[in-house]
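K.L.:
One structure coming up, written as structure tokens, with questions to follow.
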Amino acid sequence: PAVTARIRERLKSLKWKRTPEQELMRRVIGGKQREPGIASVMLASLNIVQDRLARMRMAGDPPDLMIAPK
């Protein structure tokens with residue numbers, strides 16, 4: 001706790017706009033400027049990988065019957 005207090009005092013003396021906790025949350029969730037956060041980037045990356053794996057499986061072993069909308 002004493003170290004944390006010293007760090008906070010040092011950040012205030014540097015006129016730091018955000019606390020370290022706020023900066024971490026901004027990076028995870030995203031900022032006010034509609035920046036993508038770490039969580040949204042990771043989720044988008046996983047969706048891309050899942051889509052590509054599904055396409056590769058379909059190309060390697062096509063289904064016997066495929067139903068698609070008009």
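Derivation of every value follows stated rules applied to the coordinates shown; laboratory data play no part. Nothing here was measured: the structure is a model prediction, and the numbers come from that model. Cβ placement follows ideal geometry from the backbone for every residue including glycine, while neighbour counts extend to all protein chains displayed.
K.L.:
From the list (i) 11.7, 36; (ii) 22.8, 69; (iii) 18.8, 53, can you say which value of Rg and Dmax of the Cα atoms in Å was derived from the structure given?
P.N.:
Of the listed options (i) 11.7, 36; (ii) 22.8, 69; (iii) 18.8, 53, (ii) comes from this structure.
K.L.:
Check every DSSP H run in the chain and write down those whose alpha carbon atoms cover 18 angstrom or more along the long axis and whose mean Kyte-Doolittle hydropathy is 1.0 or greater.
P.N.:
none
K.L.:
Starting with the highest mean, order 58-70, 36-48 by the number of other Cβ atoms within 10 Å, averaged over the residues of each peptide.
P.N.:
Working: 58-70: 5.9, 36-48: 11.7.
Packing proxy ranking, top to bottom: 36-48, 58-70.
K.L.:
Still on this model: Run lengths n ≥ 4 of DSSP H only: what is the helix-derived mean residue ellipticity at 222 nm for the chain, with -39500 (n - 2.57) per run over all residues, to the nearest 500?
P.N.:
Taken over the chain, the calculation gives -21000 deg cm²/dmol.
K.L.:
Quick check for me: using +1 on Lys/Arg Cβ and -1 on Asp/Glu Cβ, what's the dipole size of segment 2-55 about its Cα centre, in debye to the nearest 20?
P.N.:
Rounded to the nearest 20 debye, it is 300 debye.
K.L.:
Now a separate question. Under a plain spin-label model, where a point goes 7 Å from the Cα along Cα-to-Cβ, how far apart in nm are residue 7 and residue 52?
P.N.:
Roughly 3.6 nm, to one decimal.
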